[in-house]
1. In the stretch 27-41, which residue that is in a loop (DSSP other than H, G, I, E, B) and exposed (fewer than 10 other Cβ atoms within 10 Å of the Cβ) is nearest to the chain's Cα centre (by Cα)?
2. Pairs needed: first member in the stretch 141-168, within 14 Å of residue 101 (Cβ to Cβ); second member anywhere, at pLDDT below 75 and assigned to a loop (DSSP other than H, G, I, E, B); C-beta distance under 6 Å; at least 6 residues apart or different chains.
3. Check residue 129 against each of (1) touching a residue at least 40 places away in the same chain (Cβ under 8 Å); (2) in contact with a helix residue (DSSP H, G or I) (Cβ under 8 Å, 6 or more places away or on another chain); (3) surrounded by fewer than 20 Cβ atoms within 10 Å (Cβ to Cβ) and name the one condition it does not meet.
4. May I ask you to list the residues in the stretch 68-103 that are closer than 21 Å to residue 122 by Cα, touching a helix residue (DSSP H, G or I) at 6+ places or on another chain (Cβ under 6 Å) and either surrounded by fewer than 21 Cβ atoms within 10 Å (Cβ to Cβ) or without any contact (Cβ under 8 Å) to a residue 24 or more places away in the chain (or both)?
5. Do we find a residue being out of contact with any strand residue (DSSP E or B) (no Cβ under 6 Å at 6 or more places or on another chain) and exposed (fewer than 10 other Cβ atoms within 10 Å of the Cβ) anywhere in the stretch 51-67?
């Protein structure tokens, strides 16, 4: 497998592929960013993987534009979900079968946790950690990162900031 570096010298060495996922995968976190948006044919691999693996998961967590991949796979159909507000129009147009919630930092619907932008993704992940391991563990994690956790899932000033004149 190919390794991938970063600007801070972190080396990422994949242990699995879409064709060979871990057999006991319980939680799939789908990050956003470059590579999660674009033409359907370019995203076929991850979209197909999410669709195939979702029934076996205990939890699906999407961050930012990672919601686009989950939405394209159909696993969010009929569920409440949110996504990055800066790309809201594009993301929500991809899959109208999703019950998109604009005014939300993150949304929980069953085993699906979806978040707005990157910092909202940190908040959603901390909320998920609190859900699974307890609030004390999540608060310790936030404090270790020196991060001010916004644990109100409905607090989302970016829904207004990136709004299109629509009341949310």
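The values are calculated or read from the model by the stated rules, or taken from the named source; none is laboratory data. Note that the structure is predicted; figures quoted are calculated from it, not measured. Heads up, the Cβs are rebuilt from the backbone with ideal geometry, glycines too, and the neighbour counts pull from every protein chain shown.
1. Start the filter on the stretch 27-41 by keeping residues that are in a loop (DSSP other than H, G, I, E, B), which leaves 31-39.
Now narrow it down to the ones that are exposed (fewer than 10 other Cβ atoms within 10 Å of the Cβ): 34, 39.
On the way: 34: 14, 39: 19 Å.
Per the criteria, the residue is 34.
2. Cβ pairs passing all conditions: 159/168.
3. Exception for residue 129: condition (1).
4. Answer for the stretch 68-103, where residues must be closer than 21 Å to residue 122 by Cα, touching a helix residue (DSSP H, G or I) at 6+ places or on another chain (Cβ under 6 Å) and either surrounded by fewer than 21 Cβ atoms within 10 Å (Cβ to Cβ) or without any contact (Cβ under 8 Å) to a residue 24 or more places away in the chain (or both): 100, 102, 103.
5. Yes; the residues of the stretch 51-67 include at least one that is out of contact with any strand residue (DSSP E or B) (no Cβ under 6 Å at 6 or more places or on another chain) and exposed (fewer than 10 other Cβ atoms within 10 Å of the Cβ).
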